[in-house]
Amino acid sequence: MIMGNFVYKCSSCLREYKRDEVRYLCPVCAMDYRPGIPLKGVLTAKFDYEFIKRHFSKKNPDFSLFSAVERQFFPDYPVGNTPLIKSSALSSLLGLENVLIKYDGLNPSGSLKDRASFLVVAESVRLKEERIVCASTGNAASALAAVCSSAGKKAVIFVPKTAPKAKLVQIILYGAEIILVDGTYDDAFAMSLRFTQKRGGLNRNTAYHPLTIEGKKTVSLEIFQQMNFEVPDAVVVPVGDGVIISGVYKGFYDLKKAGLIKKIPCLVSVQAKSSNAINRFIRSGRYSDSKNPRTIADSISVSTPSNAYMAKSAVENTGNLTVDVSDDEILKAQKILASTTGIFAEPSSSATLAGAIKLKMELKKFKSVLLLVTGNGLKDIDTPLKNISLPPPVSKDWI
């Protein structure tokens with residue numbers, strides 16, 4: 001295994017930093033940051049792409065060339081290698097030539113967030129940090145708690161008290177210290193930053209730590225490998241804080257810079273109607289918070305998306321397609337997805353299909369459309385239960 005050299009590059013001012021020169025945000029751009037606004041100075045890993053081009057072989061692909069942490073520090077935790085599924089049923093339903101599903105709900109803790117947590121915990125092993133802190137609506141928290149348990153690390157999790165119970169159960173059973181916050185995800189985010197500033201530890205907050213983006217980009221590298229070293233024409237992504245879609249973009253960007261693909265797929269941003277700060281930012285060019293982000297899709301519910309600037313660039317650079325979906329559309333899509341593909345996705349992931357249904361005419365120009373399903377439906381069963389009526393029991397001699 002060979003690891004490519006990299007430096008951290010600021011997504012705002014483009015300054016570059018050596019690996020251990022910075023830990024979180026660009027120190028220059030972060031001077032303007034305060035909790036309650038999107039992050040400024042988010043860092044990404046800039047690799048030696050010519051080096052990767054010389055050493056990457058499709059006959060024996062070594063994706064550690066794209067990794068910002070050496071494999072020797074990886075926890076014993078089986079993240080990734082989730083299925084890529086071709087769905088003729090959804091192709092027919094949407095009237096599209098080829099619909100694919102990348103189902104990351106089959107990661108060990110049940111969501112794509114395992115990818116980010118895995119790499120941050122690997123970094124904590126390298127740095128000999130024993131405590132990792134994060135804020136989450138549930139998925140990032142359960143992912144971090146799970147990976148920390150496998151690596152013998154301490155996880156401290158700040159979670160809004162409204163997070164789904166199934167996610168809270170995961171966090172507690174994995175052995176993390178859970179702190180329920182009487183407030184929103186944004187309140188939990190700010191509190192976790194204060195915690196690490198005062199008490200130390202490694203902060204895993206999404207986008208705040210650059211390896212969350214690097215971890216999430218691995219889903220794009222897998223798609224590339226699973227499609228026989230090709231990529232889809234479009235990828236439909238559920239968007240909350242903007243880090244997943246930024247990570248998806250970063251993975252394809254790295255592949256393109258290394259000369260392995262010719263074009264980055266069109267990335268379609270799907271947001272809940274009440275939590276659509278990024279989509280509104282893209283459409284208007286002016287940023288404003290989502291004032292009242294109440295939606296059944298808790299994983300994409302956020303007032304101030306931390307990675308709004310990078311997410312906006314990712315969408316604008318690849319086709320500029322956005323769509324907002326209602327809770328009713330999400331619930332209908334959840335049922336359609338389950339009944340036609342056998343995939344039970346949580347509401348935030350079902351938003352992906354809801355968005356594809358609304359945009360099916362715009363998507364007809366693409367030969368292949370991939371739906372990124374990021375979380376397992378068992379993460380939140382209370383929501384679909386409200387819309388399900390069980391039949392009455394039959395007598396024991398019914399048949």
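The values are calculated or read from the model by the stated rules, or taken from the named source; none is laboratory data. No experiment lies behind these values; they were computed from the predicted model shown. In this analysis, Cβ positions are derived from the backbone assuming ideal geometry, glycine residues included, and neighbour counts consider all displayed protein chains.
Scanning region 33-52 for residues that are in contact (Cβ under 8 Å) with a residue 40 or more places away in the chain and more than 19 Å from F189 (Cβ to Cβ) returns T44, A45, K46, F47, D48, Y49, F51, I52. Among the residues of region 160-216, which ones are of a type in the set (D, E, K, R), under 21 Å from the mean Cα position of the chain (by Cα) and outside any helix (DSSP H, G or I)? R204, the sole residue that qualifies.
S269 falls short on exactly one of the conditions (1) touching a residue at least 12 places away in the same chain (Cβ under 8 Å); (2) under 24 Å from P61 (Cβ atoms); (3) of a type in the set (S, T, Y), and that condition is (2). Considering only residues that are touching a residue at least 24 places away in the same chain (Cβ under 8 Å), farther than 14 Å from Y309 by Cβ and not hydroxyl-bearing (S, T, Y), which ones fall in region 20-32? Answer for region 20-32, where residues must be touching a residue at least 24 places away in the same chain (Cβ under 8 Å), farther than 14 Å from Y309 by Cβ and not hydroxyl-bearing (S, T, Y): just R23. Every listed requirement among (1) crowded, with 19+ Cβ neighbours inside 10 Å; (2) without any contact (Cβ under 8 Å) to a residue 60 or more places away in the chain is met by S301 save one, (2).
Tallying residues that are more than 22 Å from F229 (Cβ to Cβ) and part of a helix (DSSP H, G or I) within region 97-128 yields 16.
Residue-wise test of (1) in contact with a strand residue (DSSP E or B) (Cβ under 9 Å, 6 or more places away or on another chain); (2) modelled with pLDDT under 95; (3) closer than 17 Å to P83 by Cα.
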position	(1), (2), (3)
I336	no, no, no
A351	yes, no, no
L359	yes, no, no
L371	yes, no, yes
L378	no, yes, no
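Of V248, V219, V235, V231, all but one fail to be farther than 24 Å from A135 by Cα and outside any loop (DSSP other than H, G, I, E, B); the exception is V235. Filtering region 255-273 to residues that are of a type outside the set (A, V, I, L, M) and over 18 Å from S67 (Cβ atoms) leaves G259, K262, K263, P265, C266, S269, Q271, K273.
Against the definition (small (G, A, S) and not in a loop (DSSP other than H, G, I, E, B)), how does G240 come out, yes or no? In short, no.
Let's see how each residue does on (1) β-branched (V, I, T); (2) within 27 Å of N279 (Cα to Cα); (3) within 22 Å of the chain's Cα centre (by Cα):
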{"position": "E316", "(1), (2), (3)": "no, yes, yes"}
{"position": "I330", "(1), (2), (3)": "yes, yes, yes"}
{"position": "A333", "(1), (2), (3)": "no, yes, yes"}
{"position": "T340", "(1), (2), (3)": "yes, no, no"}
{"position": "L359", "(1), (2), (3)": "no, yes, yes"}
{"position": "K365", "(1), (2), (3)": "no, yes, no"}
{"position": "V369", "(1), (2), (3)": "yes, yes, yes"}
{"position": "P393", "(1), (2), (3)": "no, no, no"}
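For region 367-374, the count of residues that are β-branched (V, I, T), part of a helix (DSSP H, G or I), surrounded by 18 or more Cβ atoms within 10 Å (Cβ to Cβ) and assigned by TED's automatic domain parsing to the domain that holds F224 is zero. Taken across region 129-149, residues that are part of a helix (DSSP H, G or I), aliphatic (A, V, I, L, M), over 22 Å from T304 (Cβ atoms) and free of Cβ contacts under 8 Å to residues at least 60 places away in the same chain do occur, with at least one present. Put simply, of L93, L84 the only residue that is out of contact with any strand residue (DSSP E or B) (no Cβ under 6 Å at 6 or more places or on another chain) and either modelled with pLDDT of 95 or more or farther than 18 Å from I244 by Cα (or both) is L93.
How many residues, within region 148-164, are of a type in the set (S, T, N, Q) and either over 14 Å from S109 (Cβ atoms) or surrounded by 21 or more Cβ atoms within 10 Å (Cβ to Cβ) (or both)? Outline the logic, then answer.
First pass over region 148-164, keeping only residues of a type in the set (S, T, N, Q): 149-150, 162.
With the extra rule that they be either over 14 Å from S109 (Cβ atoms) or surrounded by 21 or more Cβ atoms within 10 Å (Cβ to Cβ) (or both), the set shrinks to 162.
The number of residues fulfilling the criteria is 1.
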